Amino acid sequence: MRIVLVGPPGAGKGTQAHLLAKTLSIPHISTGDLFRANISQGTPLGLEAKAYMDAGKLVPDEITIGMAKDRMSQPDAAKGFLLDGFPRNLGQAKALDEILADAGIALDGVLDLEVPEDEVVRRIAGRRLCRNDGSHVFHVDYNPPAQPGVCDECGGELYQRTDDTEEKVRVRLEEYHSKTEPIIGYYADQGLLVTIPALGKVSEVTERAIEALRGK
């Protein structure tokens, strides 16, 4: 299958993308991984992206599109892929259509993870990370440490990322609504959109997603 995964920040896209890609035996292609791979490998697109990032500027769409096009052309993506974080706006969505049309293929579905805005804020603003090991992640409500402010794993200090405050989260949500949300209507008009509630256990959301995609 060829799938695009969309949803607001905090919807659990990264977690679901990993599980869905594994279940469907297709590569998970995330924007973050594309940038890291191209920059670490020193590709022409990676060098261009790094120059913009080092200057504190946004990376132009054409660079992101070029990275995605190259990744989708690789052998492991021949029978399908799951795109996570791309397309991020209407321009990228239309570019993706052109890339797929040129390759004689098409999307099978666009999966929209739906989460109420207040829940998004609660999920992100409640996250706490260990200063010693960023992979140790807790949540003040859903996964609290045994001792407030102290990592259960190593005893390190837990902290809140500066962009995880409620104020910053709401700014990210506004950006999502203005830039990314329009692609939901774009794909709905094409009959590709499947929306599922992303509340509940991770496994439950995955099951809903698989069931919804089976209907495409």
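Quick notes on this structure:
- Of the accessible area of the chain, computed with a 1.4 Å probe over protein heavy atoms only, carbon and sulfur atoms account for 51 percent.
- With both residues required to sit in the chain, DSSP beta bridges show an antiparallel share near 35%.
- Considering only 88, 127, 36, the Gaussian network model of the chain with Cα springs below 10 Å gives its largest mean-square fluctuation to 36.
- Over 16 Å [Cα-Cα, region 58-182], rounded percent: 71
- Counting only heavy atoms of the protein chains and using a 1.4 Å probe, residue 1 has close to 70 Å² of accessible surface.
- Volume per residue of the C-alpha convex hull in region 156-216, rounded to whole Å³: 119
- Counting only protein heavy atoms and using a 1.4 Å probe, the accessible area of residue 195 comes to about 60 Å².
- Average accessible area per residue (Å²) across the chain - probe 1.4 Å, nucleic acids and ligands excluded: 53
- Region 8-115 - Rg over Rh from alpha carbon coordinates, Kirkwood radius: 0.96
- Estimated translational D of the chain in µm²/s (Stokes, Kirkwood radius over Cα pairs; 10 °C; 1.306 mPa s): 85
- Computed over the Cα atoms of region 126-171, pair by distinct pair, the Kirkwood hydrodynamic radius stands at 10.7 angstrom.
- Residue with peak Gaussian network fluctuation, the chain [Cα springs, cutoff 10 Å], from 193, 111, 58: 58
- Per-residue SASA remark: residue 35, around 30 Å² accessible (1.4 Å probe; ligands, DNA and RNA not included).
- Per-bin percent of Cα-Cα distances, region 75-141 [10 Å]: 15, 31, 23, 25, 7
- Charges were assigned to the Cβ only: +1 to each Lys and Arg, -1 to each Asp and Glu. The resulting dipole of region 1-128 about its Cα centre is roughly 480 debye.
- The calculated 222 nm mean residue ellipticity attributable to helices in the chain amounts to -14000 deg cm²/dmol, summing -39500 (n - 2.57) over DSSP H runs of n ≥ 4 and dividing by all residues.
- Free-standing Cys residues across the chain, given no other cysteine C-beta under 4.7 angstrom: 154
- Highest mobility in the GNM of the chain, judged by mean-square fluctuation with C-alpha springs under 10 Å and restricted to 55, 101, 188, is found for 55.
The values are calculated or read from the model by the stated rules, or taken from the named source; none is laboratory data. Predicted, not measured: the structure shown is a model, and the values here were computed from it. Virtual Cβ from ideal backbone geometry, glycine too; neighbours counted across all protein chains shown. When the accessible area is computed, the model is the full protein with side chains, heavy atoms only, and any ligands, DNA or RNA have been set aside. Shrake-Rupley method; radii C 1.70, N 1.55, O 1.52, S 1.80 Å.
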